[in-house]
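Everything below concerns the one structure shown next.
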Amino acid sequence: MEMEPLRDGHGRRIGDLRVSVTDRCNFRCQYCMPAEGLPWLERAEILTFEEIARLVGLFAAMGVRDVRLTGGEPLVRRDFPTLAGMLASLEGVRELSVTTNGFLLKRDAERLVAAGIDRFNVSVDSLQRDRFYQLTRRDALAAVLEGLEVLSAFPEAHPIKINAVAMRGFTEQEVLPFAALARSTPYEVRFIEFMPLDADRAWSTSQVLTGEEIRAAIDAVHPLEPEPREPSATARVYRFADGQGRIGFINPVSEPFCADCNRVRLTADGRLRTCLFSLHETDLRGPLRDGADDSELERIIRDAVWRKELKHHVGEPGFIQPTRSMSAIGG
Ligand code: SAM
Ligand code: SF4
């Protein structure tokens, strides 16, 4: 069933859906969650696999081609590979990807690849055990690196991306080790600027280590050349001039890419968010459980998407941080 493409009121065509499958997580990253965790959603509040599949199917019928599963930590949701398989078989879904902290990849990589996940983003913020512990509050670097190794044995899973959040006062020491990793392995490393979505609300502009600063630091040692930017791509990608690997920078704070943002998000409790920084969200779970048919759900989705924010206002006077933090939104 192919419908009219999904568009917002600013002329942007929506082709990318991020689905949070749980708000729970086995890590406590400083820039995301408090040490004690957050009040988790009750099981009944979370969309079932069938509900997620129904909504993703509707989005796919409206032209959404890329679906990314995230959280919280998606791999802690029980039977997550089963959900992945259900979504992979939906008509219209072209790319089904997962963002994970990697801790459970050793256990699940094979099942996820078999289920049809074709892209993996693994978050790693430090390549040193003690500094990894400091940031994630878990002594888990070895397990994550093992998980990456297990995953990299599957050719279908490549290219594997490694995402590192860049924080001033921490990430400077990680820049050259990550550049070395990008040059010596098939992993594509990408630095993401720290955004005001931390549950501790400790973010300030002074804590953002910009992508340009990191790029310049790498370029001084290993010259970089820009790759052409793909439409709606969040990362600015560079290749090492000597041909050994690539590295990317996601700069939502210093160089926002809102103008061609084609993304919307579905939270684990079934709220549609049209921007990471939305102050307003649309309930899809209520109508879904009240028996809404597809055309009713379609109307609610189109209305919400039409009102997608033109841009975010991070760093501007009057910026308001959303109530939900990153793990409760689905990054
Ligand atoms: N738990 C999984 C993980 O960490 O990959 C998936 C969910 S996590 C919320 C998704 C991504 O958001 C991760 O790459 C994480 O590093 C990033 N993230 C979390 N809080 C952030 C923040 N305040 N600013 C920038 N990126 C953030
Ligand atoms: Fe968990 Fe991912 Fe948030 Fe870290 S960034 S606390 S791994 S949800």
Matching helices (runs of 4 or more DSSP H) fully within segment 216-331 where at least 3 residues are within 16 Å of ligand 2 (Cβ to nearest atom) and surrounded by 18 or more Cβ atoms within 10 Å (Cβ to Cβ): 326-329
Checking D125 against (1) under 17 Å from P177 (Cβ atoms); (2) more than 13 Å from ligand 2 (Cβ to nearest atom); (3) surrounded by 22 or more Cβ atoms within 10 Å (Cβ to Cβ), the condition it does not meet: (2)
Output the residue which, of all residues in segment 275-331 that are on the phi > 0 side of the Ramachandran plot and without any contact (Cβ under 8 Å) to a residue 60 or more places away in the chain, is nearest to ligand 1 (Cβ to nearest atom). G318
Taking F103, is it crowded, with 21+ Cβ neighbours inside 10 Å, assigned to a loop (DSSP other than H, G, I, E, B), within 16 Å of ligand 2 (Cβ to nearest atom) and in contact (Cβ under 8 Å) with a residue 12 or more places away in the chain? yes
Step by step: first the residues of segment 108-121, then only those that are in contact (Cβ under 8 Å) with a residue 40 or more places away in the chain and over 11 Å from S97 (Cβ atoms), then the one that is surrounded by the most Cβ atoms within 10 Å (Cβ to Cβ). Which residue is that? A109
Quick one: in segment 35-48, of everything that is without any contact (Cβ under 8 Å) to a residue 40 or more places away in the chain and hydrophobic (A, V, I, L, M, F, W, C), which residue is farthest from ligand 2 (Cβ to nearest atom)? A44
Pairing a residue in segment 49-71 that is touching a residue at least 60 places away in the same chain (Cβ under 8 Å) with any residue that is among the hydroxyl-bearing types (S, T, Y) and crowded, with 17+ Cβ neighbours inside 10 Å, where Cβ atoms lie under 6 Å and the two sit 6 or more apart in sequence or on different chains, gives T70/S20; T70/T99; G71/S20; G71/T22
For segment 161-198, what are the residues that are within 13 Å of ligand 2 (Cβ to nearest atom) and more than 14 Å from F132 (Cα to Cα)? I192, F194, M195, L197, D198
Quick check on my filter: what residues within segment 18-75 are within 9 Å of ligand 1 (Cβ to nearest atom) and in a helix (DSSP H, G or I)? P74, L75
Please state which of the following conditions A199 fails to meet, knowing it meets all the rest: (1) surrounded by 14 or more Cβ atoms within 10 Å (Cβ to Cβ); (2) at pLDDT 95 or above; (3) under 22 Å from the mean Cα position of the chain (by Cα). (2)
Selection from segment 21-34 of residues that are within 16 Å of the chain's Cα centre (by Cα) and either more than 9 Å from ligand 2 (Cβ to nearest atom) or among the aliphatic types (A, V, I, L, M) (or both): V21, T22, M33
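The values are calculated or read from the model by the stated rules, or taken from the named source; none is laboratory data. Just so it is clear, the structure is predicted and the values come from calculations on it, not from any experiment. Virtual Cβ from ideal backbone geometry, glycine too; neighbours counted across all protein chains shown.
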